[in-house]
Amino acid sequence: MAIQAVVHRSQSGRARANPLERVVVITTVFDRAAAAVAATLEPPHLSTAEACRPVPCRIGLLGLGNVGSAFARLVRDSAPRLSSHGFVPIVSSALVRSIGNRSRAPFAGIATDDVDAFFAEPVDLLVEALGGVDAPYAFVRRALDRGTPVVTANKSLIAAHGEELARLARRRGTALRYEASCIAGVPFLGTFERRPFASSVTWVTAILNGTSNSILTAMTSGASFDAALADAQIRGFAEPDPSMDVSGRDAAEKLAILVRLFGRIAVSPCALPTDGIGSVEPEDIGAAAAFGGAIRPIAHASWNESAVSAFVGPAFVSGTHPLSHVAGVTNGIVIGADRGVQCYTGPGAGAEITAATLLDDVAEMIGERRVRMPSADVVRPAASIVRPGTPWFIRLAGAARDSDIADLLGSYAIWCTRLSRRGDRSYAVTCPADHARVTAAVRALEAATGGQAAVFAAVVEEAAC
């Protein structure tokens, strides 16, 4: 199944495509040498420009919300630039949840809330920007089952059904792209998917949620969690309902996508150990800075065969680690591969960034000489998912002496590398220990001192990038 075909002209000058070839998207192929030859073969009244006129690409768009509207607007504005690549994108139809005042959407040829009417419209590919899982799942399945290529930014959909949809795309000989679903401003998913040796990855450590990162960054000035969240909402960094972001669920979905891509292991986001950032206090961030590090919203996973070690949540990151310097709404990922450690940083989301990445996927899909279907590598279910044994960052409120804290932790074979007192709190960074042991030790600390404790994973290994 080809995604690109050369348009031939008869002596009459009328274009026709090879009738034996099934074509999803028809576009011209630009080749300077071929164009020069074609110019000598064309009737004198036809110029080379006329012989290589860009062909429209009809896009069916699911959703005209923030991302969908940004995408449709970008398609309109980018048409002159993309015409040099041999095609002109057009949002020919859009499916919306409710027509309302969108029945005359300025960037879509037709807008409807009738599913069957939408799927009756002829399109060359489908872009999904609805969000959620159930409805997009049904629509994307319907499109792929018809052999229609799909581009999506929906992390929840890919995390929940990505492998199933990839298998369907392979069976139907079509494409499924989801670059915009994870760190949309850093185009790395497709690169690794296409390069099996580069994607020999054994672990990832990442900041996958810009909202959480912006809140923790704002708290470095002493702002409370609630005040930092309110400011993020005012500035448009956080949604009116920020629960997906601050709970860690958004990052867990993205981590599940990364584990499937790099480890070829299927994990449910709900099975990943996940903590929100609401337990972090400004004093914690100050203590982390005094230790030469920072508190960041970390998503980490490593794997051996089908056994996965993972966590999502706020963590102490040492100053030698590249993620300690990733602040604000910026995302970052450190990848441990056979060829060494690789680092990527950039904007994680936002309607405009997501729309641009969606359109990049569209342009790449149309420009390929053949359909690049999802990888056929076997994806196996995770045999186990546990929290890794990491170093730990511990806070203990109360009047306990540092020496007593060190002794009690030592009785559990947990050794402190840093220990200091700040006001009415003590802070420690420990050597690696498994999660069950550190949890038992912290409970013993609380029982012995009467103070309240909190424990966060610590990422202290140096990563040279």
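The values are calculated or read from the model by the stated rules, or taken from the named source; none is laboratory data. Since the structure is predicted, the reported quantities are computational estimates derived from the model, not experimental observations. Methodologically, a virtual Cβ is constructed for each residue, glycine included, from the backbone with ideal geometry; neighbour enumeration extends over all protein chains shown.
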Item to complete: Kindly list the number of the only condition in (1) surrounded by 21 or more Cβ atoms within 10 Å (Cβ to Cβ); (2) out of contact with any Phe, Trp or Tyr (no Cβ under 6 Å at 6 or more places or on another chain) that fails for C343.
Response: (1)
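Of these, G185, G173, G190, which one is farther than 19 Å from D284 by Cα and in contact with an Asp or Glu (Cβ under 9 Å, 6 or more places away or on another chain)?
G190
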Discussion item. When you scan segment 398-406, do you find a residue that is in contact with a helix residue (DSSP H, G or I) (Cβ under 9 Å, 6 or more places away or on another chain), surrounded by fewer than 18 Cβ atoms within 10 Å (Cβ to Cβ) and not in a loop (DSSP other than H, G, I, E, B), even just one?
Written reply: yes
Worksheet item: Taking A440, is it modelled with pLDDT of 95 or more, surrounded by fewer than 17 Cβ atoms within 10 Å (Cβ to Cβ), more than 30 Å from H325 (Cβ to Cβ) and not assigned by TED's automatic domain parsing to the domain that holds E283?
Response: yes
Worksheet item: Do we find a residue being modelled with pLDDT of 95 or more, out of contact with any Lys or Arg (no Cβ under 8 Å at 6 or more places or on another chain) and β-branched (V, I, T) anywhere in segment 363-381?
Response: no
Response to the item:
Counted residues in segment 354-375 being in contact with a helix residue (DSSP H, G or I) (Cβ under 8 Å, 6 or more places away or on another chain), hydrophobic (A, V, I, L, M, F, W, C) and outside any loop (DSSP other than H, G, I, E, B) come to 5
Worksheet item: Mind checking whether some residue in segment 422-432 is buried (at least 19 other Cβ atoms within 10 Å of the Cβ) and under 25 Å from L258 (Cα atoms)?
Response: no
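Table: residues versus (1) of a type in the set (F, W, Y); (2) on the phi > 0 side of the Ramachandran plot; (3) surrounded by fewer than 24 Cβ atoms within 10 Å (Cβ to Cβ).
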position	(1), (2), (3)
F225	yes, no, yes
S243	no, no, yes
G248	no, yes, no
F262	yes, no, yes
L272	no, no, no
Item to complete: Could you identify the single residue in V455, V438 that is touching a residue at least 40 places away in the same chain (Cβ under 8 Å) and either acidic (D, E) or assigned to a helix (DSSP H, G or I) (or both)?
Response: V438
Worksheet entry | Selection from segment 168-205 of residues that are without any contact (Cβ under 8 Å) to a residue 40 or more places away in the chain and assigned to a helix (DSSP H, G or I) | L168, R171, R172, T191
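So that you can scan it fast, the table gives a plain yes or no per residue for (1) at pLDDT 95 or above; (2) buried (at least 21 other Cβ atoms within 10 Å of the Cβ):
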{"position": "A70", "(1), (2)": "no, yes"}
{"position": "R102", "(1), (2)": "no, no"}
{"position": "I110", "(1), (2)": "no, no"}
{"position": "V123", "(1), (2)": "yes, yes"}
{"position": "D145", "(1), (2)": "yes, no"}
{"position": "P149", "(1), (2)": "yes, yes"}
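Regarding I158, is this residue out of contact with any Pro (no Cβ under 7 Å at 6 or more places or on another chain) and not assigned by TED's automatic domain parsing to the domain that holds G336?
Against the criterion (out of contact with any Pro (no Cβ under 7 Å at 6 or more places or on another chain) and not assigned by TED's automatic domain parsing to the domain that holds G336), I158 qualifies.
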Discussion item. Would you confirm whether or not segment 82-92 contains a residue that is outside any helix (DSSP H, G or I), closer than 19 Å to A356 by Cα, among the polar types (S, T, N, Q) and modelled with pLDDT of 90 or more?
Written reply: yes
Worksheet, complete the sentence: Here the qualifying pairs (Cβ atoms under 7 Å; residues six or more apart or on different chains; first in segment 407-435 and acidic (D, E); second assigned to a strand (DSSP E or B)) come out as D424/A397
Item to complete: Collect the residues in segment 206-223 that are buried (at least 20 other Cβ atoms within 10 Å of the Cβ) and either in a helix (DSSP H, G or I) or touching a Ser or Thr at 6+ places or on another chain (Cβ under 7 Å) (or both), keeping them in residue-number order.
Response: G210, T211, S212, N213, S214, I215, L216, T217, A218, M219
